[in-house]
Amino acid sequence: MMTLAAVLLGFALDAALGDPRWLPHPVVGMGRIISWAEPRLRSVFPDTPSGRRAAGRVLAFGLSLGSGLVTWCALALAGMLHPALRFALETWLCYQLLATCELRRQSMAVASALTERGLEAGRQAVSRIVGRDTGALDEAGVVRAAVETVAENASDGVVAPLLYMMVGGAPLAMAYKAVNTLDSMVGYKNERYLDFGRASARLDDVANFVPARFAALCLIVSAPLVGLSGEGAWRIWRRDRARHASPNAAQTEAVMAGALGVRLMGPAPYAGRMVDKPTIGDAVRPIQVEDIRRANRLMVAGVLVALAVASCIRLAVA
């Protein structure tokens with residue numbers, strides 16, 4: 001019960017406060033560890049495909065297991081001092097590991113920039129939340145990038161860590177967050193990371209397999225609750241959920257496309273070259289700036305449904 005209370009309070013704090021810039025954030029620390037460890041591990045193992053894969057496995061499993069273990073030890077030590085201290089620490093960690101408010105804040109900043117200051121401001125705003133090149137995007141491309149980010153991160157940034165908190169508290173959620181951070185930093189299929197980042201990418205696929213599908217179903221249920229198309233969300237999810245190189249990314253993006261009645265994905269520029277990606281959804285109508293707001297309404301509703309369902313399951317098995 002204490003873990004459930006910590007998760008619920010942490011969720012409330014995140015929804016109300018977001019990520020204050022002055023607070024130290026675990027993901028920042030993980031990123032620094034990855035940047036520090038990568039060159040050192042590469043120097044220890046042979047510069048061959050098998051050597052790079054071995055170095056990548058050490059980083060992937062070492063950081064994820066280490067993050068969970070350090071968190072467990074910190075909570076155990078806090079509990080030895082006083083149960084209330086353990087509860088406060090776990091609440092703070094749960095708060096730090098969720099991103100509902102920040103996802104909404106950053107994506108809505110794109111909508112505000114486009115509406116108030118024009119296309120170039122919109123490109124700059126969306127460049128802070130996506131990995132693609134944004135300098136040549138038109139308005140529809142900027143909006144599409146923001147909507148896709150909301151859809152994907154509804155799972156990666158909120159529902160997935162929420163589920164892991166419900167199962168194993170802050171330690172398991174911290175291990176998940178390490179996996180997710182590893183994938184975002186080294187899980188690329190390019191010359192530098194094809195071998196070194198393979199373990200991180202595959203570990204991320206496994207860790208997100210159930211959460212991505214659970215998040216998609218929660219979004220489908222939520223679509224009619226916020227005035228969007230539940231039928232479209234269900235139909236496009238069933239049809240297009242596998243249209244992505246990742247087994248998980250298109251799950252929530254397909255729901256979002258169907259609920260909004262727009263087409264997402266398609267060719268996009270990355271690192272100076274155009275990457276040909278399949279489209280998701282049908283262009284029932286042109287995508288527009290207001291779709292960023294609609295996407296956020298659906299994201300928030302879906303997250304609340306996920307929280308309610310996960311809490312009920314946690315109470316049932318407690």
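Observations on the structure shown:
- Residues that are under 14 Å from residue 161 (Cα atoms) and surrounded by 24 or more Cβ atoms within 10 Å (Cβ to Cβ), drawn from the stretch 202-220: 204, 208, 212, 215
- Any chance residue 60 is aliphatic (A, V, I, L, M), touching a Phe, Trp or Tyr at 6+ places or on another chain (Cβ under 8 Å) and under 30 Å from residue 36 (Cα atoms): no
- Of all residues making up the stretch 160-185, the number that are of a type in the set (Val, Ile, Thr) and closer than 13 Å to residue 4 by Cα: 1
- Scan of the stretch 123-164 for residues that are touching a strand residue (DSSP E or B) at 6+ places or on another chain (Cβ under 9 Å), of a type outside the set (A, V, I, L, M, F, W, C) and closer than 24 Å to residue 261 by Cβ, ordered by number: 132, 141, 144, 148
- Condition met for residue 13 (under 24 Å from residue 215 (Cα atoms) and open to solvent by 40 Å² or more (accessible area, probe 1.4 Å)): yes
- Which listed residue is open to solvent by less than 50 Å² (accessible area, probe 1.4 Å) and of a type in the set (A, V, I, L, M, F, W, C), from 236, 313: 236
- Long-range neighbours under 6 Å by Cβ, at least six apart or interchain, first residue under 22 Å from residue 130 (Cβ atoms) and open to solvent by less than 10 Å² (accessible area, probe 1.4 Å) within the stretch 167-192, second in a loop (DSSP other than H, G, I, E, B) and not charged (D, E, K, R): 186/193; 186/197
- When residues of the stretch 98-155 are limited to those that are touching a Pro at 6+ places or on another chain (Cβ under 8 Å) and in a helix (DSSP H, G or I), the one surrounded by the fewest Cβ atoms within 10 Å (Cβ to Cβ): 140
- When each of 63, 85, 69, 77 is tested for being at pLDDT 95 or above, assigned to a helix (DSSP H, G or I) and crowded, with 17+ Cβ neighbours inside 10 Å, the lone residue that passes is 63.
The values are calculated or read from the model by the stated rules, or taken from the named source; none is laboratory data. Everything numeric here is computed off the predicted structure, so don't read it as measured data. Counting neighbours? That spans all protein chains shown, and the Cβs are built from the backbone with ideal geometry, glycine included. Note: accessible area is taken over every heavy atom of the protein model, side chains too, but ligands, DNA and RNA are not part of it. Shrake-Rupley method; radii C 1.70, N 1.55, O 1.52, S 1.80 Å.
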